[in-house]
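All remarks here apply to the structure that follows.
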């Protein structure tokens, strides 16, 4: 957790920079997510190439399985030869999957801990402030500890002038927190609100609904893009792909809207990116590129073969002229 917190603190500088310019946390999350996606774009390209390359060879891989089904060692040997011949690195997508996942967790920590990771306030001061608000009568002690910093921002305008808060933060820090709190109203929606507190018939129910829709849409698109790989998965794995969006919707219902908003924006941008990359680096496109490389290699090899004169050319003495004519 400390590693992700450290990464979240680093990414928080980007989020704070966007907020400092835009003065709106919702818009800052959009810009912030776009910037991070651009940074991770090379990894996404490698991952898509690896997935498309593996899918392209799925038919040949199945043929090798049928041929060497009882000889796992021979099958692995021939499969590696196939991958090497076609220039496919099946494990190439592993690292490119892990790194973005770690960064995503760092982004979550930047959004979920805005005081320590975005404003970079002293963690001890923040903890003292959290301890103070937990003593306030009527304050919801059931708030998930993970999102207490966001909850502190929500009630900060009501407690900023108290002796306890002014004894924890200096005047400049209080002014910054106040300015930061004012930026959580995006398009008339309070991103500090928790949908659960307002019920399923409030406008805030749109956050879990959109969270579910964006995640299920992403899963459906990825299923269509990677038909061959999805077809090989067990039924329980397929069920999980649709259960997880429901779980994310439930979480979005119980956490501050700012966190759910980030999940939605991230899912939508990832969905668009997946569609674009699947068009550019599809199995069919990679096959066409591979065939083009093979043809180019054949032509290059043919050009290196020395010209052999026919007997009648040698007798007539115009072999060189004939060669020039043929070359023309």
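What does the extension gain come out to for residue 74 and residue 146, with contour length at 0.36 nm per residue minus their alpha carbon separation?
Values: separation 72, 0.36 × 72 = 25.92 nm, distance 5.10 nm.
Value of the extension gain: 20.8 nm.
Footprinting exposure proxy ranking of 206, 224, fewest other C-beta atoms within 10 angstrom first, gives 224, 206.
Across all Cα pairs in the range 111-204, the calculated P(r) in 5 Å bins from zero up to the longest distance comes to 2, 12, 25, 25, 20, 10, 4, 1, 0 percent per bin. Of 173, 149, 77, the sequence from fewest to most neighbouring Cβ atoms within 10 angstrom is 77, 173, 149.
Counted by neighbouring Cβ atoms within 10 Å, the residues 33, 135 run from fewest to most as 135, 33.
No lab work stands behind these numbers, since they all come straight from the coordinates. A quick note: this is a predicted structure, and the numbers were derived from the prediction, not measured. As a convention, Cβ positions derive from the backbone with ideal geometry for all residues, glycine included, and neighbour counts pool all protein chains shown.
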